[in-house]
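Heads up, the thing below is written out as C-alpha cells.
The values are calculated or read from the model by the stated rules, or taken from the named source; none is laboratory data. As the structure is a computational prediction, the values presented were derived from the model and not from experiment. Every residue, glycine as well, gets a Cβ built from its backbone with ideal geometry; the counts of neighbours run over all protein chains shown. These area figures cover heavy atoms from the full protein model, side chains too; ligands, DNA and RNA do not enter into them. Shrake-Rupley method; radii C 1.70, N 1.55, O 1.52, S 1.80 Å.
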Amino acid sequence: MPRIIAGHAGGLKLQSVPGDATRPTTDRTREALFSWLASRGWLEDTAVVDLFAGSGALGGEAASRGARRVLLVERDRRAAAVCRRNADAVNQRIGRPVVGVSAGDVDRVLDSPAGSGPWDLVLADPPYPLTGAALTGTLERIGTVLAPEGLLVLERSSRSAEPDWPAGLELLEARHYGETTLYFCLRLPAAPAGSAAEGPGQPL
C-alpha cells in the first residue's frame, strides 16, 4: 500500500489500484525523485500535473510537500476512482482542496481548460509500450502546457531507448534506479521576437 512519504500529509496511507492496469513508482524511486525536486525548489507553491497518475501517489506527494495546485490525470476507470479517493484523503489531511482529478485520455485533458496549464512541474509515467512517434507526440503536447522554464519528469524503463525530445525541451539529466530511469527536462524559454531572423551580418 503506497503512502505519503513527507510533508503535511506525511505517513498518510493511500489506496492502491487493483489489478495490473497501472505500474506504481517504487517507494525508493519516489523518495529519490522528491528529494531531487525539494532540494531544487520545484515543489513549494507550484502548479503540478501528474499524468498517467495511477493511484495519484506522485501528485499527492507533491501536494503534501507544498504544491499550490495538483491535477491527477488518469484514463483507466478504476484507477481514476482510486485517484479521487486518494485526492480526498490528501486534501483532508492538508486542510484545503489542493488536489483535483481529471478522468480521461492525457492528450484530451491537456487540450481542455482543466489541463491546459501552464504547469510549473509535469510528472509523467506513460505506459512503457507507448514509444516512438506516439511518445514524441505526447511529449510535444506536454511542452505546450509547461510554463517557460517549467520542468518535466518522465519515468521510463531503463531498458528503453532515450526518447526523442521535441524542440523546446532540454534534457538536464537522467537518473537510473534499477529498472526505472527518470529524465529531468526543462522547457526552454521562447526566443525573443525577431531573434531567429538576426544572424551574422544581419543589419540591426
field: The one condition in (1) free of Cβ contacts under 8 Å to residues at least 24 places away in the same chain; (2) closer than 19 Å to Phe184 by Cβ; (3) surrounded by 15 or more Cβ atoms within 10 Å (Cβ to Cβ) that Trp36 fails to fulfil
entry: (1)
task: Determine whether the range 98-106 contains at least one residue that is open to solvent by 30 Å² or more (accessible area, probe 1.4 Å), free of Cβ contacts under 8 Å to residues at least 12 places away in the same chain and under 29 Å from Ala190 (Cβ atoms).
output: no
- prompt: Considering Ala79, Ala133, Ala67, which residue is outside any loop (DSSP other than H, G, I, E, B), touching a residue at least 40 places away in the same chain (Cβ under 8 Å) and hydrophobic (A, V, I, L, M, F, W, C)?
  reply: Ala79
Flag if Gly59 is buried (at least 17 other Cβ atoms within 10 Å of the Cβ) and at pLDDT 95 or above: yes
message: The conditions are (1) modelled with pLDDT of 95 or more; (2) over 14 Å from Val49 (Cα atoms); (3) open to solvent by less than 60 Å² (accessible area, probe 1.4 Å); (4) not acidic (Asp, Glu), and Gly137 fails exactly one of them. Which is it?
response: (1)
